[in-house]
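Engineer: Let me begin by handing over the structure; questions about it come next.
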Amino acid sequence: MDKNKVIAVVLGGPGAEREVSLSTGAGIIKALKEKGYNVVEIDFDPKNFCKQLADAKADVVFNAMHGIYGEDGRIQSVLEMLDIPYTGSGVSASAIGMDKFATKRVLFGSGISTPDCLFLYAEDKAIAVEKTLAKFSLPVVVKPASQGSSLGITIVRKEEELQAAFNLAFEYCDEVLVEECIIGDEITVSMVKSGGKLEIFPIILIKANLEWYDFKAKYSAGGSEHIIPAPLDTLVEAEAKKLATDTFNAIGCNGVARVDIMIDQLGKCYVLEINTVPGMTPTSLVPDAAAALGISYADLCEIILQDPLKSK
């Protein structure tokens, strides 16, 4: 990447993950400046984004926006129309990866192991509990279809907790996913595609120091422990890496991504979701996985920047 080009790091925005995005973006900006790049910061304003890009004279966008706008294909669509290269996945992969309903359908259609689920819509609110109990025994996981960072997610272990879980999830969007709850270990597989080659980082075993790996556990110091490399059986490790790779390819991702996987007590792996703009905060998983390979945070940012998507 020509270091004279203007690299616009887009961060912040109006979504629920704003603070996480600000932390991610701050780290990326610092790293790229240390590497000698000409970096400008754009705190995303959806109504003025085109003007922000023009004012910044952006040649390339480094997308540090989590959740709404940044991770759902909307920023990518604008950048495609303006013919500005950008990091990460393209329009369709971003939209699919952010939408848990769409991700599930791709996983099911591709034969990729994932927990059984129930799709619920706004019109199902009054019968959500009834429909859930008709399909599943507890515990289940209730999650809004279009949020990241575990926002709006509840692990429900008692019938009397179900309604509150649905009330919370439907606050975020009108589509809610109910999943069977896989009891076991949670791992995550980070990877980056650059120059057409996909590199898999060491698998991380996540040990939450809270009840489960929720928003607080993810972004609070001491909220979780990352065990790298995960102490896995050789066959389980191979299966996890294959599932992660298959998920990345089935959804059509580019750049850096992270696939979250549960391993049940029999050693079977289940893909939970893919993150197409994974966190790059001081407590985030991807930088930790890269560090296990001797890749510094700044080097990782530069690797991600080297292969931006261009409009077709």
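Engineer: Helix-only estimate, please: 222 nm mean residue ellipticity of the chain, summing -39500 (n - 2.57) across DSSP H runs of length 4 or more and dividing by its residues, to the nearest 500.
Structural biologist: When only DSSP H runs of four or more count, the value is -10500 deg cm²/dmol.
Engineer: Given +1 on the Cβ of Lys and Arg, -1 on the Cβ of Asp and Glu, and no further charges, what dipole in debye does region 6-87 carry about its Cα centre, rounded to the nearest 20?
Structural biologist: I would put it at about 180 debye.
Engineer: Follow-up. Filter the cross-link list LYS104/LYS135; LYS33/LYS197; LYS3/LYS197; LYS5/LYS310; LYS100/LYS135; LYS197/LYS310 down to pairs whose alpha-carbon distance in this structure exceeds 21 Å.
Structural biologist: LYS33/LYS197; LYS3/LYS197
Engineer: As an exercise, identify the trypsin sites (Lys or Arg not before Pro) in region 53-104 lying in DSSP coil whose Cβ has no more than 13 other Cβ atoms within 10 Å.
Structural biologist: Passing both the DSSP loop test and the Cβ count: LYS57.
Engineer: Let me check I have the definition right: for region 117-180, take the eigenvalues of the Cα gyration tensor, multiply each by 5, take square roots. What are those semi-axes in whole Å, largest first?
Structural biologist: 16, 13, 10
Engineer: Treating the beta-carbon of each Lys and Arg as +1 and of each Asp and Glu as -1, no other charges, what is the dipole magnitude of the chain about its Cα centre, to the nearest 20 debye?
Structural biologist: Rounded to the nearest 20 debye, it is 720 debye.
Engineer: Hey, how many Å between the Cα centroid of region 86-111 and the Cα centroid of region 30-69?
Structural biologist: 24
Engineer: Also: Counting other beta carbons within 10 Å of each Cβ, put HIS66, HIS226 in order, fewest first.
Structural biologist: The most exposed by this proxy come first: HIS226, HIS66.
Engineer: Continuing with this model, one more query. Students often forget the sequence filter, so: which aspartates and glutamates lie under 14 Å Cα-Cα from LYS35 once same-chain residues fewer than 8 apart are removed?
Structural biologist: ASP2, ASP299, GLU302
Engineer: Assigning unit charges at the beta carbon (Lys, Arg +1; Asp, Glu -1) and nothing else, what dipole magnitude in debye, to the nearest 20, does region 117-180 show about its Cα centre?
Structural biologist: In debye, rounded to 20, region 117-180 gives about 160.
Engineer: Just from the alpha-carbon atoms, what are the Rg and Dmax of region 76-213 in angstroms?
Structural biologist: Taking only Cα atoms of region 76-213, I get Rg and Dmax of 17.3, 52 Å.
Engineer: For each pair in LYS143/LYS268; LYS125/LYS158; LYS131/LYS158; LYS207/LYS242, compute the distance between the two Cα atoms and list the pairs where it is over 20 Å.
Structural biologist: Violating the 20 Å limit, Cα to Cα: LYS143/LYS268; LYS207/LYS242.
Engineer: Against the longest principal axis of the chain, how steep is helix 234-251, in degrees 0 to 90 to the nearest 10, with axes from Cα atoms?
Structural biologist: Roughly 70 degrees, rounded to the nearest 10.
Engineer: If you don't mind, there's one more thing I want to ask. Relative contact order for the chain: what percent, with Cα pairs under 8 Å and sequence separation of 6 or more?
Structural biologist: 21
Engineer: If you don't mind, another one. Order these by the 10 Å Cβ neighbour count, fewest first: CYS253, CYS173, CYS181.
Structural biologist: CYS173, CYS181, CYS253
Engineer: Round to a whole angstrom and tell me the spacing of the C-alpha centers of region 240-289 and region 178-197.
Structural biologist: Distance between centres, Cα-based: 2 Å.
Engineer: In addition: Putting +1 on Lys and Arg Cβ atoms and -1 on Asp and Glu Cβ atoms, find which of GLY36, SER92, VAL20 reaches farthest to the positive end of the dipole of region 1-103.
Structural biologist: It is GLY36, whose Cα lies furthest towards the positive end.
Engineer: On alpha carbon coordinates alone, what is the Rg over Rh value for region 1-94, Rh being the Kirkwood radius?
Structural biologist: Rg divided by Rh gives 0.93.
Engineer: Taking every pair of distinct Cα atoms and averaging 1/r, then inverting, what Kirkwood hydrodynamic radius in Å comes out for the chain?
Structural biologist: Final number for the Kirkwood radius of the chain is 19.8 Å.
Read-outs: derived from the displayed coordinates by stated rules, not from any lab. All figures in this text were calculated on a predicted structure; none of them were measured in a lab. Neighbour counts are summed over all protein chains in view; Cβ atoms, including those assigned to glycine, are modelled from backbone coordinates with ideal geometry.
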